[in-house]
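Have a look at the structure below, then the notes.
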Amino acid sequence: MSDSHHHDHNISVNQDNKKRVFIAMLMTFGFMLAEVIGGIISGSLALLADAGHMLSDGVSLLLSWVAFIYSDKQADFKRTFGWHRFQTLAAFVNGLTLLAIAVWIIWEAGWRFYQPVEVMAKPMFIIAVLGLLVNVIVFKILQGGDHDNLNLKSAMIHVMGDLLGSVAAILAAVLIYLFAWNWADPLLSLLVALLIMRSGWFVVKKATHILLEGSPDVIDIEAVKNKIIADIKTVTDVHHVHTWSLTNDKHLMSLHIKVNEHVDDYDVLWETKELIQHNFPIFHTTIQIEHLDCPDDSC
């Protein structure tokens, strides 16, 4: 006998998250064009790197926005849990683009050390300051959303990396203007690239764990088993416990419980279901009840 709590898998996406991502996307794409023009005119790698990162930001925000739209679609017979996993897939792609951008910046910075390029500090400084303001606004917009959503978090990390890129461009412009240190441009770009790479790896690692249906860090399987056996006296054993996630905040579980003879299966099922729901962050549970010893290894 089996059952699951939360039979309706059509859980709505946070509409506030979707709205915030859309506004941030429009602002990011808009200013990216200004940075591309400014980077070409000034000859600044830091600005071009920042513009490239803003392009990635815009694409990642677009992807995140589309993921929120698809995740809000109704579940059907082909996708019985709906499109929630699309958010995780979007986060995975965003993480990969972060790593790709970091590698590109490192490559370009390496060439700039060997072949220095004269940089126009004044236009570089002005555009970098404006870029910083835009990035701060975009980051604040996203920061007001759901911090537990990996899709939104990956978008925030993109913007944070771009914000750091703007800071690096400002600092490089000041050093170039005051001391003619053209090497400051690739050096600071390199430091930002390393930070972007670290953040990208975090997102890719987290998203990969979910896509491979790894057990969520927030769920202790042994604690679940011990809690059920301790609180429900008719349960003698809990085994074949499996946990995985659809998204960073939607966790699922399946388990087998062995019970004493002559007990009402429905009562035990309901009691177990309620215990899990109120003590663990699990949005869907499937429970199989066993009365006799399993005749084979399938139980």
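The values are calculated or read from the model by the stated rules, or taken from the named source; none is laboratory data. In this text, all values refer to a predicted model and were calculated from it rather than measured experimentally. Glycine gets a Cβ as well: all are built from the backbone with ideal geometry, and neighbour counts include every protein chain shown.
Observations on the model:
- Selection from region 235-273 of residues that are loosely packed, with under 15 Cβ neighbours inside 10 Å and under 30 Å from the mean Cα position of the chain (by Cα): His240, His242
- For His209, the requirement of being of a type outside the set (D, E, K, R), more than 30 Å from Met54 (Cα to Cα) and buried (at least 16 other Cβ atoms within 10 Å of the Cβ) is not met.
- Hits in region 171-183 - residues which are under 34 Å from the mean Cα position of the chain (by Cα) and buried (at least 20 other Cβ atoms within 10 Å of the Cβ): Ala172, Ala173
- Ile276 meets each of the listed conditions (1) of a type outside the set (S, T, N, Q); (2) within 29 Å of Val204 (Cβ to Cβ); (3) in a helix (DSSP H, G or I); (4) in contact (Cβ under 8 Å) with a residue 60 or more places away in the chain apart from (2).
- Ser215 being without any contact (Cβ under 8 Å) to a residue 40 or more places away in the chain and surrounded by 14 or more Cβ atoms within 10 Å (Cβ to Cβ): yes
- For first residues located in region 140-166 and under 13 Å from Trp65 (Cα atoms) and among the hydrophobic types (A, V, I, L, M, F, W, C), partners that are modelled with pLDDT under 75 and part of a loop (DSSP other than H, G, I, E, B) and lie 6+ apart or on another chain with Cβ distances below 7 Å form the pairs Leu152/Gly145; Leu152/Asp146.
- Residue within region 169-186 that is outside any helix (DSSP H, G or I) and in contact with a strand residue (DSSP E or B) (Cβ under 8 Å, 6 or more places away or on another chain) present: no
- Residues that are at pLDDT below 85 and in a helix (DSSP H, G or I) were ranked within region 109-121; the one that is farthest from Ile37 (Cα to Cα) is Tyr114.
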